[in-house]
Amino acid sequence: MDSIPREDLQRLMLFEQTREKAASEYLRSPNDPDNLTRWGGALLELAHFRQGQESADMIQEAVSKFEEALRIAPKKHDTLWCLGNAHTSQGFLFSDPDKANEYFQQAARCFQLALDEDPHNELYHKGIEMTTKAPSLHQELQRQLATQMASYQASQGGGGGPSKASKKKKKDNDFKYDVMGWIVLSVGIVAWMSFAKSAPPPPPPSMR
């Protein structure tokens, strides 16, 4: 994993610790929907720090935890909201807009079910708003990625190109990071609040 900012490193440590604690708790209490939701939330946040298939697999694992929690407590609105975030994240993994929209629609249903259970929750209203913007963001992301590929291919044909292509690649990667961060970061609120009730945050990494 590439070097990441100190703040992100602290978040990474927090959610790794949350995941480990939830996995341990699951062995003692496998039917606790709150613990399963914390586990899924941590996995979804950690997926933000991964790339490619590893990220996709971690998001799918988060989905499985949320779905397991909902089999125990079908109307648990915070879990429905987290599942909506996970489906939105999955949508952005596909270049095909029709496939992506299938996940965005699943997300919208989850957010609506969560809102039905807690009509005054601003986060759930925000989730529904988010899914209406997701298709246009997906389209922009695909445009950025296509431009990135074209820049890379052009850089292979002459001197002086790689530096420019590298800058373009960084800009496009930053855009993708922002999109995924906008989707996933909010889930951390649930995991953080739930985790903070039972354990202190990890110590900051030592500075060298």
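Read-outs throughout are calculated quantities, based only on the coordinates presented, and are distinct from any laboratory measurement. Note that the coordinates shown come from a computational prediction; the quantities given were computed from them, not determined experimentally. With ideal geometry, Cβ positions are generated from the backbone for all residues, glycine too; neighbour counts draw on all protein chains shown.
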For this session: May I ask you to sort His120, His77 by Cβ crowding, counting other Cβ atoms within 10 Å and putting the fewest first?
Result: His120, His77
Seminar exercise, completed: 1/(1 + (r/R0)^6) with r = Cβ-Cβ of Ala146 and Gln51, R0 = 25 Å, i.e. FRET efficiency to nearest 0.05, evaluates to 0.85
Problem set entry | Pair-distance profile P(r), taking every C-alpha pair of region 1-155, with 10 angstrom steps and integer % | 11, 33, 36, 16, 4, 1
Exercise. Separation between the Glu122 and Ser24 pseudo-spin-labels, each 7 Å from Cα along Cα→Cβ, expressed in nm?
Worked result: 3.5
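Would you mind calculating the gained length between Glu16 and Gln60 on full extension (0.36 nm times residue separation, minus the Cα-Cα distance), in nm to one decimal?
Working: separation 44, 0.36 × 44 = 15.84 nm, distance 1.68 nm.
Length gained between Glu16 and Gln60: 14.2 nm.
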Problem set entry | Pair Gln112, Gln139: separation of 7 Å Cα→Cβ label points (nm) | 2.2
For this session: Decide, for region 67-155, between rounded, prolate and oblate: order the square roots of the alpha carbon gyration tensor eigenvalues as a ≥ b ≥ c, take rounded if a/c falls under 1.5, and otherwise choose prolate if a/b is larger than b/c, else oblate.
Result: prolate
